[in-house]
Amino acid sequence: MVFVVSGWRASAAGLAALGLSAGPSAAQNPVEAFYKGKTLTLAIGFSAGGEYDLHGRLVARFIGKHIPGKPGVVPTQMTGAGTITLANYMTAVAPKDGTYLGVISNGLPASQAIGTAGLKFDARQFHWLGALGPTIETQAIWHTVGVTSLEDARKKEVAVGATGKGSATYIMPTLMNEVFGTKFKIITGYRGGSDVNVAMERGEVGSRNNSWTSWKSTKPHWLAEKKIHIIAWAGPETKELAHLPHLSKIAKDDADRQVVEVVFSGSYLGRPILTTPGVPAERVKALRDAFDATMKDPEFIAAATQAKVELTPIRGVDMQKVVERVMATPAPLVARAKAIME
């Protein structure tokens, strides 16, 4: 093919040599051409107002400008079955072209590993894009209980408030009872963490599980006034809690440690953002690169700071490795984890 330029004829190769474009699409890479003019969906598997929703909507506001082609990104809700509904939808129905993103529970890979009913996805087939930071799980004791350490909790029964079986508020004290010999009496039926907080203030229960970031953002005065004592924690390393027992580190043997790691594997996934199976590799890379760029975007950082969101970003490639490790857990240890989680 030849082109006429200012009265003379030139080949496309000749134009390239002169640094001229053969047409408006020639400079566009395939990923940019695909995303240009499109609108992406970012579906959030939890109801509005929670931490998962906050993280998802923050990313949706800023990630589009870092994706080649600068597509729009619209957040929406698809709740149900602890985000299993969304995960199943992303596998069976949602487009597999990189235009559908999701925010699902960080516990779903572990749920798959233990054989939870109703799962119609393979977490290894999702393309994990990133998270704003890990979740560090803690077990806290109210200051009037008279228990200030893990060793104390092995000697004295303490009532723990929880929402229900399968929730983090139930799983952490259950694991501590089974693996570390604590004497927690778990009382379920609370609607949420705020209700358990009120129950602790009233003396109905003396303990609850909560993430470390949640304590710092919702009850900083409790920490400052020593209204609660953190007696143990699990998840990624943090210097803030390094002086307290980390459950993986104090496990008596490697088998116990692996059980702890499976149960709390979601901590290493934070509030995960991912895309569907089957997305072409070049688009997965573009989405991961866009997520990483978003984490460095000054406007995004300012918005996260205003929302009191701590940023310790987790890269998608690292999250993929966590999921693979969970799926590779030996069957006898998976059985132990299942007894704790269900």
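Can you find even one residue in segment 236-256 that is assigned by TED's automatic domain parsing to the domain that holds I44 and closer than 30 Å to G166 by Cβ?
The answer is no; no qualifying residue exists.
When you scan segment 163-177, do you find a residue that is among the basic types (K, R) and touching a residue at least 40 places away in the same chain (Cβ under 8 Å), even just one? Don't jump to the end; show me each part of the working.
Restricting attention to segment 163-177, the residues satisfying the condition of being among the basic types (K, R) are 165.
After this cut, where a residue has to be touching a residue at least 40 places away in the same chain (Cβ under 8 Å) as well, the list is 165.
Yes - at least one qualifying residue is present in segment 163-177.
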When you look at D297, is it outside the structural domain of F34 (by TED's automatic domain parsing) and out of contact with any Pro (no Cβ under 8 Å at 6 or more places or on another chain), yes or no? no
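Scan segment 139-184 residue by residue and report those that are outside any strand (DSSP E or B) and of a type in the set (V, I, T).
Matches in segment 139-184: T144, V145, V147, T148, T163, T169, I171, T174, V179, T182.
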Given the structure, is D256 over 21 Å from the mean Cα position of the chain (by Cα) and touching a residue at least 12 places away in the same chain (Cβ under 8 Å)? yes
Pick out the one residue from G107, G45, G118 that is touching a residue at least 12 places away in the same chain (Cβ under 8 Å) and on the phi > 0 side of the Ramachandran plot. G118
The residue from R288, R283 that alone is surrounded by fewer than 22 Cβ atoms within 10 Å (Cβ to Cβ), farther than 26 Å from W215 by Cα and in contact with a Leu (Cβ under 9 Å, 6 or more places away or on another chain) is R288
Going by the conditions given, is P332 assigned to a loop (DSSP other than H, G, I, E, B), under 24 Å from G107 (Cβ atoms) and at pLDDT 95 or above? no
Answer residue from segment 206-237, given it is assigned to a loop (DSSP other than H, G, I, E, B) and buried (at least 22 other Cβ atoms within 10 Å of the Cβ) and is modelled with the lowest pLDDT among those: G235
W128 fails exactly one of (1) in contact with a Ser or Thr (Cβ under 7 Å, 6 or more places away or on another chain); (2) under 18 Å from S265 (Cβ atoms); (3) crowded, with 22+ Cβ neighbours inside 10 Å, namely (1)
I'd like to check something: does segment 298-314 contain any residue that is in a helix (DSSP H, G or I), within 25 Å of S47 (Cα to Cα) and polar (S, T, N, Q)? yes
Pick from G50, G56: which is crowded, with 21+ Cβ neighbours inside 10 Å and not β-branched (V, I, T)? G56
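The values are calculated or read from the model by the stated rules, or taken from the named source; none is laboratory data. Predicted model, so just to flag it, every value in this text is computed and none were measured. We place every Cβ from the backbone using ideal geometry, glycine too, and count neighbours over all the protein chains shown.
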